Amino acid sequence: MYLIEKKGFMKKQLGLLLGLLFWANIAAAAFPAFKVQDIKLEGIQHVKPGVVFHHFPINTGSVVTQGALSAAVKKLYQSGYFQNIEIEREGKVLILKLTERPAVSKIRIKGNKAIKTKPLLEGLEHSGLKEGIVFKRSSIERIKTELQSVYASQGRYNAKIEAQIEPLSGNRVAVNIDIKEGKIALITHINIVGNTLFDNEELTDLFDSKLASFWSWISKDDRYSRERLSGDVERLRSYYLDRGYLNFKVTSTQVSISPDKQNVFISINIFEGAKYKVGEISLKGELVVPESELRAALKIASGDTFSRQLLSDSQENMLQVLGNSGYMFAKIQPAPTASGDDTVDIQFFLQPGNQTYVRRINIKGNEKTADLVIRRQLKQMEAALASSEKITKSKEVLDRSGFFSNVNISTVPVAGSNDQIDVELTVEERASGSFTASVGFSQSEKLILDFGISQDNFLGSGNRVSASISKSDVKKQIRFDYTNPFYTVDGVSRGFDVYFQKEDFDDNSSSKYKVDELGLGVTFGYPINEYQRISVRLGVENIDVTANTDTSQEISNYIANNGNKFTNVNTTLYWSENRLNRGIFPTKGRKQNISLEISAPGSDLSYYRASYNGSWITPLSSNEQWLIGARGNVGYAQKIGDGDYPFFKNYFAGGIGSMRGVSANSLGPIDTQNDTIGGNVLITGGADLIFPMPGINDPLKYRTSLFVDIGGVFATQCLPVDSGTTSNCNEGVHLEDLKYSAGIGFTWLTPLGPLTFSYAKLLNKKSTDDEKKFDFTLGGTF
């Protein structure tokens, strides 16, 4: 560092070696102190002026001596940004001539496979190294430390980091980093010390950290993680506290690594303490709702074993009771106090605050869906007393609507008011329009093509519109449906449907005949409550049945006795319940419906059909990624009066929509031509174990399951055949003839709709069964 003073034509230079204080003392005597009027910077390229002044403790207006300048330069040099610093004085102006250290032009990383380059660069940036900044020698050690920390977080404790600096032109450098990642250290020992009430196996089963097992290569639970172990310790603490051990403590946790850094040893020391029971439970504070309602919400009672979880649940339930009465900002503080006889008295102190009203409900994120469509489904109204229950139910209703992939509701206090809130409702719209398609091939129907377009939220109105076309060697169908779920403001729905279909069973395994149908109907629905509806459909259809030379005797005789053209007016009554938590990929709840279809008096046909369809699902894990579900569908149909039951109204089963593992519509009684004719009794169902797919952690987009399906179709009364001809129809319901299959399924929620694959094996296959192991469809879920 050099100080140069200029006065007229005279220059006076005083040299100081940085770090040698006696030079500063000598220089201090060379000129008197002066007041700095300005400071000028020269030579800076990458370092910002603010950084210079931050590390240079002399400002405009400061009175400085040569000694003060020496100390200031020393501090600026220690910042690490500069290779050389010179100071000149021109009158009362200080001029700092700076030579920066080189800038980092490139950061090259090689040898990394387990961790991609981007997160490594992000880690380096956190330590202060990125392209474009001034390079400091001290950064070398920080580079190694930061990257080793990144690898250690993944259990690679023996990772080796080498960093070299490559000079480049233009006062720039490249940082070249060579990584040897090493192997992951695995947990080889987990020991809990101090436990006498529960054995090690029972306690370690609570942990996410595990010893190596067959599934560890997928779950990676045998790899040490500091965050995972913290969660394990907390689960251990909760396990004891929920079983009455109020004084339980984790006294220490030790994690050690073997010398070769390949094995991790975990030891947890605990103090169990005595087991406590609940003594007296008292409610203190301002009881603005009847005490009986609050006590009814308690999950814990005197004499019970103390449980922290039940204590927390009781607190939440009482807050819910207060919230339902408008006390949205109530506070409840539980205070458990241990006594000398291993009992704990619990006091809940209530601070309800003021009753709260909703000022506004603000809706965000609905770019397509009209506000009205959302507001008409909300249970909580503006200007009404706020209710936690109504706000929660509003979210549930919107989740079940199927219009949104995500719904968030929060309450915000109104500034300047102690009794008003705003409800902030944020939605993420999903593609309510979907294109559905399936392509398949079977021995029965050959090439199968199904195409459909549907809009569950047509033009943001909340109305459902769909149109579909189906084509195969057996069936051709065109159908259009329209439903307005809020035909009236109180939720009465109205819908229309019209369809035309031609079925030609000449070339498949079903009975040989043709049937043309043209129908239309109107449906009205009425909500019983937020979960249940009743509906009625009035329909009319025209049916034309045509026989051919291969038609079975059963069908030929039916046509001979009843004709082949029918006009049928029918009424269908529906009851439905939907308690699923989501419209797409639900994780809990149930859904069921019952229907009864009856032909109207005066119609050409006389029959009724009753059916039940239900499904149920519940989580097996706290994160709701492991699920178990069950489903069932039963139907029964019968003639009314003395005529024959119309065979073209029979039930059919088989295929991805009813029972996987067999071809579509292949189950049930057969006719004199050994073709499936269907039946008036239907039984299908199954169970699903839904589990997260390894490597994919998006349960709202993907779903994988193991399933078991069951199905069968039966005829309680077979159609008559000519005398002397033996009927192939096995009359009656024979449960031993039910078919069983098992397999695996995968569904991906694509922009065009759910894409479902299934592979099933028929478990009780017979030579006459039409087995179909692999199937897929676009637009349906399992």
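One table, with the values for the structure above:
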| item | result |
| --- | --- |
| Search result, residues across the range 485-521 that are modelled with pLDDT of 90 or more, open to solvent by less than 60 Å² (accessible area, probe 1.4 Å) and closer than 22 Å to residue 574 by Cα | 492, 493, 495, 497, 499, 519, 521 |
| Selection from the range 749-779 of residues that are in contact with a strand residue (DSSP E or B) (Cβ under 7 Å, 6 or more places away or on another chain), modelled with pLDDT under 85, outside any loop (DSSP other than H, G, I, E, B) and surrounded by fewer than 18 Cβ atoms within 10 Å (Cβ to Cβ) | 776 |
| In the range 211-243, residue surrounded by the most Cβ atoms within 10 Å (Cβ to Cβ) [restricted to those that are in contact (Cβ under 8 Å) with a residue 40 or more places away in the chain and part of a loop (DSSP other than H, G, I, E, B)] | 224 |
| Leading residue by the ranking (farthest from residue 458 (Cα to Cα)) among those in the range 343-374 that are open to solvent by 30 Å² or more (accessible area, probe 1.4 Å) and of a type in the set (Phe, Trp, Tyr) | 349 |
| One residue from 678, 655, 589, 602 being on the phi > 0 side of the Ramachandran plot, open to solvent by less than 40 Å² (accessible area, probe 1.4 Å) and over 39 Å from the mean Cα position of the chain (by Cα) | 678 |
| Evaluation of residue 408 against (1) surrounded by fewer than 18 Cβ atoms within 10 Å (Cβ to Cβ); (2) modelled with pLDDT under 90; (3) within 25 Å of residue 456 (Cα to Cα) (one fails), failing number | (2) |
| Qualifying residue in the range 116-127 (condition: within 29 Å of residue 36 (Cβ to Cβ), modelled with pLDDT under 85 and surrounded by 14 or more Cβ atoms within 10 Å (Cβ to Cβ)) | no |
| Number of the condition not met by residue 665 [criteria: (1) open to solvent by 40 Å² or more (accessible area, probe 1.4 Å); (2) in contact (Cβ under 8 Å) with a residue 60 or more places away in the chain; (3) at negative phi; (4) touching a Phe, Trp or Tyr at 6+ places or on another chain (Cβ under 7 Å)] | (3) |
| Of all residues making up the range 179-207, the number that are at pLDDT 90 or above and assigned to a loop (DSSP other than H, G, I, E, B) | 9 |
| Qualifying residue in the range 273-288 (condition: within 23 Å of residue 414 (Cβ to Cβ), β-branched (Val, Ile, Thr) and under 29 Å from the mean Cα position of the chain (by Cα)) | no |
| Complete set of residues in the range 235-275 that are small (Gly, Ala, Ser) and under 17 Å from residue 191 (Cβ atoms) | 252, 256, 258, 267 |
| Residues within the range 261-278 that are under 17 Å from residue 312 (Cα atoms) and out of contact with any Leu (no Cβ under 6 Å at 6 or more places or on another chain), tallied | 2 |
| Residue satisfying all of: in the range 411-439; closer than 18 Å to residue 749 by Cβ and under 19 Å from the mean Cα position of the chain (by Cα); modelled with the lowest pLDDT among these | 432 |
| Selection within the range 329-374 - outside any strand (DSSP E or B), over 21 Å from residue 397 (Cα atoms) and touching a residue at least 40 places away in the same chain (Cβ under 8 Å) | 329, 339, 342, 352, 353, 354, 355, 356 |
| Number of the exception - residue 683 against (1) closer than 24 Å to residue 651 by Cβ; (2) open to solvent by 30 Å² or more (accessible area, probe 1.4 Å); (3) touching a helix residue (DSSP H, G or I) at 6+ places or on another chain (Cβ under 7 Å) | (3) |
| Close pairs from the range 308-326: first in contact (Cβ under 8 Å) with a residue 60 or more places away in the chain, partner surrounded by 19 or more Cβ atoms within 10 Å (Cβ to Cβ) and assigned to a helix (DSSP H, G or I), Cβ under 6 Å, at least 6 apart | 320/388; 323/388; 324/388 |
| Some residue of the range 710-717 being under 22 Å from residue 617 (Cα atoms), of a type in the set (Val, Ile, Thr) and either modelled with pLDDT of 90 or more or open to solvent by less than 50 Å² (accessible area, probe 1.4 Å) (or both) | yes |
| Count - residues of the range 375-405 that are touching a residue at least 24 places away in the same chain (Cβ under 8 Å), of a type in the set (D, E, K, R) and either farther than 23 Å from residue 488 by Cβ or open to solvent by less than 30 Å² (accessible area, probe 1.4 Å) (or both) | 2 |
| Residue tally, condition open to solvent by 70 Å² or more (accessible area, probe 1.4 Å) and within 27 Å of residue 170 (Cβ to Cβ), over the range 103-115 | 3 |
| Counted residues, the range 566-582 - those being under 15 Å from residue 533 (Cβ atoms) and buried (at least 16 other Cβ atoms within 10 Å of the Cβ) | 7 |
| Test set (1) within 30 Å of residue 405 (Cα to Cα); (2) at pLDDT 95 or above; (3) open to solvent by 40 Å² or more (accessible area, probe 1.4 Å) - residue 538 fails condition number | (1) |
| Top-ranked residue of the range 458-493 - restricted to ones that are in contact with a Phe, Trp or Tyr (Cβ under 6 Å, 6 or more places away or on another chain) and assigned to a strand (DSSP E or B), ranked as nearest to residue 369 (Cα to Cα) | 465 |
| Answer residue from the range 125-147, given it is part of a helix (DSSP H, G or I) and touching a strand residue (DSSP E or B) at 6+ places or on another chain (Cβ under 6 Å) and is farthest from residue 181 (Cα to Cα) among those | 140 |
| Of all residues in the range 264-293 being touching a His at 6+ places or on another chain (Cβ under 9 Å) and among the β-branched types (Val, Ile, Thr), the one that is surrounded by the most Cβ atoms within 10 Å (Cβ to Cβ) | 264 |
| Tally of residues being open to solvent by less than 70 Å² (accessible area, probe 1.4 Å), farther than 15 Å from residue 667 by Cα and without any contact (Cβ under 8 Å) to a residue 40 or more places away in the chain across the range 722-741 | 0 |
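The values are calculated or read from the model by the stated rules, or taken from the named source; none is laboratory data. As the structure is a prediction and not an experimental result, all values here were calculated from the model. Glycine also receives a Cβ, built like all others from the backbone with ideal geometry; neighbour counts cover every protein chain displayed. Just so you know, the surface numbers come from the protein's heavy atoms only, side chains and all, with ligands and any DNA or RNA stripped out. Shrake-Rupley method; radii C 1.70, N 1.55, O 1.52, S 1.80 Å.
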